[in-house]
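Taking it in order: structure first as structure tokens, then the write-up.
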Amino acid sequence: VGFALHLAATATVRAPRREAVPFPAAVGAPDAPPAPAGEPAAPSTGLAERSRRWGVLAMQATWLATFALVASVALRGLSVGRPPVGNMYEFSLVAATFTLLVYAVWSLRSDRLWLGLFVTAPVLLTLGVALVSWYTPAGQLLPSLNSKTWLVVHVAVATLTVGLFTIGFALAVLYLLRERAEQRGRPGWRWLSALPRPR
């Protein structure tokens with residue numbers, strides 16, 4: 001919700017406007033120097049601060065959720081006495097944890113508030129489906145999965161890949177939306193300008 005409010009407030013920031021070039025005061029008088037072109041009008045400071053505040057609060061909640069998921073994975077592992085990667089419920093839990101970890105750590109390097117909604121929404125959806133449809137009580141591995149070393153390596157790589165794929169998918173969709181918005185001149189999609197330009 002916080003990331004959605006951040007994007008909504010960012011989208012309502014006033015578009016930059018160019019100042020008009022003044023007409024000469026009298027006929028025959030020398031032309032007045034043109035006003036500096038391309039000077040954007042200052043956006044609403046209060047709205048920008050409110051947008052930033054919502055994004056920062058959402059990022060703090062994301063860090064809290066990340067720590068909670070790490071704790072839940074650790075406690076699940078302690079309760080079963082093995083790495084918690086033995087069924088679909090545990091797989092979803094670990095994949096959601098990796099997704100939030102990758103996003104949260106990446107956000108430490110630069111501002112990624114614009115991406116938060118598109119990362120946390122799939123994570124919440126995955127956790128909801130896991131709780132409703134895939135929940136499995138804590139127990140031992142099936143005999144066919146009783147190779148802990150290879151199971152841990154296989155599932156750890158798979159869950160990390162799911163986390164990276166989720167963020168890559170969100171970025172790809174946003175870049176495609178920005179390209180379409182620029183082609184069609186949609187001012188309501190101005191928040192997409194926060195995406196860094198590819199080098």
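The values are calculated or read from the model by the stated rules, or taken from the named source; none is laboratory data. Treat the numbers as computed from the prediction; the structure is a model and nothing was measured. Every residue, glycine as well, gets a Cβ built from its backbone with ideal geometry; the counts of neighbours run over all protein chains shown. Ligands, DNA and RNA are stripped out before the accessible areas are found, and what is left, the full protein with its side chains, is counted by its heavy atoms. Shrake-Rupley method; radii C 1.70, N 1.55, O 1.52, S 1.80 Å.
Could you check, for the range 43-54, whether at least one of its residues is among the hydroxyl-bearing types (Ser, Thr, Tyr), modelled with pLDDT of 85 or more and surrounded by 15 or more Cβ atoms within 10 Å (Cβ to Cβ)? For the range 43-54, residues among the hydroxyl-bearing types (Ser, Thr, Tyr), modelled with pLDDT of 85 or more and surrounded by 15 or more Cβ atoms within 10 Å (Cβ to Cβ): absent. Considering (1) open to solvent by 50 Å² or more (accessible area, probe 1.4 Å); (2) among the aliphatic types (A, V, I, L, M); (3) under 15 Å from LEU160 (Cα atoms), the lone condition that VAL132 does not fulfil carries the number (3).
Scanning the range 79-125 for residues that are among the small types (Gly, Ala, Ser) and either modelled with pLDDT of 85 or more or in contact with a Leu (Cβ under 6 Å, 6 or more places away or on another chain) (or both) yields GLY86, SER92, ALA95, ALA96, ALA104, SER107, GLY116, ALA121.
SER79 falls short on exactly one of the conditions (1) surrounded by 15 or more Cβ atoms within 10 Å (Cβ to Cβ); (2) farther than 21 Å from THR166 by Cβ; (3) of a type in the set (Gly, Ala, Ser), and that condition is (1). Within the range 98-130, the set of residues being in contact (Cβ under 8 Å) with a residue 40 or more places away in the chain and more than 22 Å from HIS6 (Cβ to Cβ) comprises PHE98, ALA130.
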